[in-house]
Amino acid sequence: MHAPKSPRTPSTGHCIFCDLIQGAAEVSICYEDATAIAFLDIQPVNPGHVLVVPREHYEVLQDIPRDVGLHLYEVATRLIPVVQVAAGATDMNIVVNSGAAAGQNVMHYHIHLIPRREGDGFDVSLPFPGSVMPNRQQLDGMAARIGSMLRDPLKN
Ligand code: AMP
Ligand code: ZN
């Protein structure tokens, strides 16, 4: 489970999600197949907070093979409306924290499905109040750069 698939994955140390997947720790599973597993977050924002996780150990978004990433998204898409009803929530946040600077604490890639209710106190604060707002020229410049890199990944 710990064999890194990407040269950039340093995969060091112990992984709690690999333990859960291997049956070495307690877990409340709500969905599983050969590639993916979904279980209840132990410290939920609200009841019904689910994590969708690849069985294989990948750390961050760019480590995930395309077919696995698409499958995880497909599983998440199937679970979202069910979780929302089961949790009695009115709304949902779908969150991926990819990398330590983005707030990832468990370095085994996962998608959060977070049922939301008015006044629950959780906050994914967008638009960002600390934003240094770019002008249109800067927005256009970044859009052109991304578009060009998409067409030719060797350009940067
Ligand atoms: P992140 O900060 O995006 O890496 O989120 C990690 C999430 O994993 C947190 O919401 C934790 O509450 C959750 N978590 C950590 N350990 C466990 C565990 N043993 N079982 C279920 N969820 C866990
Ligand atoms: Zn792992």
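Every read-out reported here was derived from the displayed coordinates using simple, explicitly stated rules and does not represent laboratory data. Every value quoted in this text rests on a predicted model; they were computed, and no experiment measured them. All Cβ positions, glycine included, derive from the backbone under ideal geometry; neighbour counts span all protein chains shown.
Judged by the mean number of other Cβ atoms found within 10 Å, the most tightly packed of the peptides 67-76, 143-152, 20-29 leads the ranking 67-76, 20-29, 143-152. Cβ distances below 4.7 Å define possible disulfide partners, and in the chain the cysteines left without one are Cys30. Using a Gaussian network model of the chain in which every pair of alpha carbons under 10 angstrom is joined by a spring, one finds that among Arg55, Arg136, Arg78 the greatest mean-square fluctuation is at Arg136. Over the chain, DSSP H runs of length four or greater, each weighted -39,500 (n - 2.57), average out per residue to a 222 nm ellipticity of -9000 deg cm²/dmol. Taking the alpha carbon gyration tensor of the chain, multiplying each eigenvalue by 5 and rooting it gives semi-axes of 29, 23, 15 Å, largest first. If you take all other residues with their beta carbon under 13 Å from the beta carbon of Gly13, and give Lys and Arg +1 and Asp and Glu -1, the sum is -2.
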